[in-house]
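Okay, so here's the structure we're looking at.
Each value in this text was obtained by applying a stated rule to the coordinates, not by laboratory testing. Since the structure is predicted, the reported quantities are computational estimates derived from the model, not experimental observations. Note: ideal-geometry Cβ built from the backbone for every residue, glycine included; neighbour counts use all protein chains shown.
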Amino acid sequence: MKITIVGTGYVGLVSGASFAEMGAEVTCVDIDRTKIENLCNGLIPIYEPGLDDLVAKNVAAGRLRFTTSLRDNLDGVEMVFTAVGTPPKTDGGADLRYVEQVAREVGEYMTGYLVFVTKSTVPVGTWRKVKEIIADQLDRRGAKIGFDVASNPEFLKEGAAIKDFMSPDRVVVGVESTRARELMEKLYKPFLLNNFRVIFMDVSSAEMTKYAANAMLATRISFMNDIANLCELVGADVEMVRRGIGSDNRIGMKFLYPGVGYGGSCFPKDVRALASTAREYGYRMRVIEAVEEVNNALKSVLFNKIAQELGNVRGRTVAVWGLAFKPETDDIREAPALVLVEQLLEAGAEVTVYDPVAMNEVRKQLGERVAYACDMYAAAQGADALCVVTEWKEFRLPDWDALKAAMRGHVIFDGRNIYDREELASYGFIHHRIGRSS
Ligand code: NAD
């Protein structure tokens with residue numbers, strides 16, 4: 001099968017490499033020339049475990065190529081996937097200009113029947129707009145070419161993207177025609193040979209499924225953080241409560257961790273976009289609005305704890321471990337750590353940061369306003385306090401003696417509840433956690 005994927009970011013690159021691995025002939029397109037040049041030279045623009053090998057292998061096999069030209073890569077293509085960004089607009093709605101741009105170009109240059117598949121996360125009803133745009137472009141040039149539109153929202157998690165893509169829990173596909181359905185079936189068959197879990201539905205429901213999934217997961221996180229806040233006030237231990245409710249199989253353990261709030265490129269924008277779609281239809285999604293409200297308040301939780309413990313932080317040195325919005329990725333979009341760093345800088349603190357893979361991305365955003373350490377102990381050198389914001393594995397078992405010797409003060413703000421209170425106390429550290437007494 002010959003397919004073109006437009007947008008070579010986290011989703012486009014992982015999808016392209018994975019489809020190629022299953023034997024499809026894939027062209028990945030991006031307007032970012034540097035990104036494409038780097039990819040052509042074997043340089044992967046993002047950190048994602050296993051991605052470099054997968055890309056190299058499929059490029060070498062001649063099944064995966066990279067280009068900046070969409071128009072030259074539509075001939076003989078059965079499916080065009082759009083995996084371009086859909087960032088938030090100032091009113092919270094999704095900015096669809098990149099998706100629309102791709103649809104326009106496809107309508108302008110397509111030479112035969114194809115399915116236009118939206119993999120980007122887009123508000124319900126976008127498929128109608130996309131269909132109109134393509135039909136309009138075909139009309140303008142008097143071309144009588146058939147096409148279908150489909151929705152194939154992506155559920156991969158950064159940090160485990162290849163595994164998620166290669167063996168998904170399910171694949172959701174919204175289609176309007178049997179022809180499009182058959183093509184999508186053919187494409188996904190190799191991924192789900194033994195247990196074919198492609199859920200076909202109408203296109204609007206597929207578009208909505210993606211937002212509903214992210215909103216549900218974000219709701220669990222905000223719910224648990226609300227419980228954590230109350231635990232602190234009443235002297236209960238949120239970790240016990242988490243185990244207590246998570247072991248009920250109607251609830252389950254996943255996405256019940258309290259902490260510093262959700263971030264990343266999806267949950268914040270998708271929760272906002274869902275509420276915004278509802279408002280467009282004259283409806284208020286009160287649960288979803290509260291989910292965001294709780295999350296916004298959480299962005300200050302560590303700063304407030306630091307200010308309470310240290311008093312004025314002006315001139316004090318604070319070390320921050322973990323900057324990516326979660327472990328195993330270098331994605332820092334809406335990362336809680338960056339909000340904390342900004343709050344500390346604003347209050348006059350000196351900040352030293354360390355993350356195993358996200359330092360380059362952070363440097364692009366924060367420049368020389370913070371000090372960058374080469375490892376976790378170097379970050380803690382001379383620090384009055386240490387904050388753990390992203391729970392990378394290497395932070396889980398520190399050498400406490402080395403840490404104590406490095407730091408000036410001995411306070412640890414554990415934004416992910418990864419340390420044991422008694423153990424830290426035995427080394428003379430004061431340990432602040434989320435939803436548990438200090
Ligand atoms: P990204 O920002 O990493 O990549 C988007 C790419 O699209 C960029 O490289 C950009 O240069 C390119 N682009 C923009 N306009 C273009 C055009 N007209 N032609 C060609 N390329 C163009 O974004 P991402 O994180 O991969 O997300 C893409 C979409 O998938 C979003 O809608 C997102 O919500 C959704 N999604 C993301 C994830 C995730 O974990 N990142 C998971 C599921 C769904």
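Numbers for the structure displayed
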read-out: Per-residue HN-Hα couplings for the range 361-369 [Karplus 6.51, -1.76, 1.60; θ = phi - 60°; Hz; x = Gly/Pro]; value: 4, 5, 4, 4, 8, 9, x, 9, 6
read-out: Descending semi-axes in whole angstrom, ellipsoid equivalent of the range 299-432, from the Cα gyration tensor; value: 20, 17, 14
read-out: Pairs of alpha carbons in the chain whose separation is greater than 35 Å (percent); value: 36
read-out: For the range 252-318: rounded, prolate or oblate by the Cα gyration tensor [a/c cutoff 1.5]; value: prolate
read-out: Mean Cβ count within 10 Å, highest first, over the residues of peptides 359-368, 160-169; value: 160-169, 359-368
read-out: The range 290-349 shape via C-alpha gyration tensor axes, a/c threshold 1.5; value: oblate
read-out: Zero-based 5 Å bins, Cα pair distances in the range 251-368, whole percents; value: 2, 10, 18, 19, 18, 14, 10, 6, 3, 1, 0
read-out: Global form of the range 2-201, assessed from the alpha-carbon gyration tensor, a/c cut-off 1.5; value: rounded
read-out: Segment Ser177-Arg369, extension gain: residue separation times 0.36 nm, minus the distance between their alpha carbons; value: 63.7 nm
read-out: For the range 1-110, diffusion coefficient by Stokes-Einstein and Kirkwood Rh (Cα), 10 °C, 1.306 mPa s, µm²/s; value: 112
read-out: Whole-Hz ³J(HN,Hα) from phi, Karplus 6.51 cos²θ - 1.76 cosθ + 1.60, for the range 165-181, glycine and proline x; value: 6, 6, 9, x, 4, 6, 10, 9, 9, x, 9, 10, 10, 5, 4, 5, 4
read-out: Relative contact order [Cα under 8 Å, 6+ residues apart], the range 211-297, whole percent; value: 40
read-out: Ratio of the Cα radius of gyration of the range 123-232 to 2.2 N^0.38 Å, where N counts its residues; value: 1.39
read-out: Angle between the chain longest axis and helix 336-346 axis [Cα atoms, degrees, rounded to 10]; value: 50
read-out: DSSP-defined antiparallel bridges as percent of all bridges, the chain, nearest 5; value: 5
read-out: Rel. contact order, % - alpha carbon contacts under 8 angstrom, at least six apart, the chain; value: 12
read-out: The range 298-405 - percent relative contact order, Cα under 8 Å, separation 6 or more; value: 34
read-out: Radius 15 Å from Cβ of Gly112, net charge of other residues (Lys, Arg +1; Asp, Glu -1); value: 0
read-out: Euclidean distance of C-alpha centroids, the range 69-131 and the range 301-380, integer Å; value: 37
read-out: Rounded Å value of the spacing that divides the Cα centres of the range 1-45 and the range 138-200; value: 17
read-out: Vicinal HN-Hα couplings computed from phi for the range 120-128 (Karplus, 6.51 cos²θ - 1.76 cosθ + 1.60; Hz; Gly/Pro x); value: 4, 7, 10, x, 4, x, 4, 4, 5
read-out: Amide proton proximity set for Tyr113, modelled H, under 5 Å, gap of 5+; value: Gly146
read-out: Within the chain, helix-based [θ] at 222 nm, where runs of 4 or more DSSP H residues each add -39,500 (n - 2.57), nearest 500; value: -13000 deg cm²/dmol
read-out: Helix axis angle, 97-109 relative to the chain longest principal axis, alpha carbon, degrees; value: 20
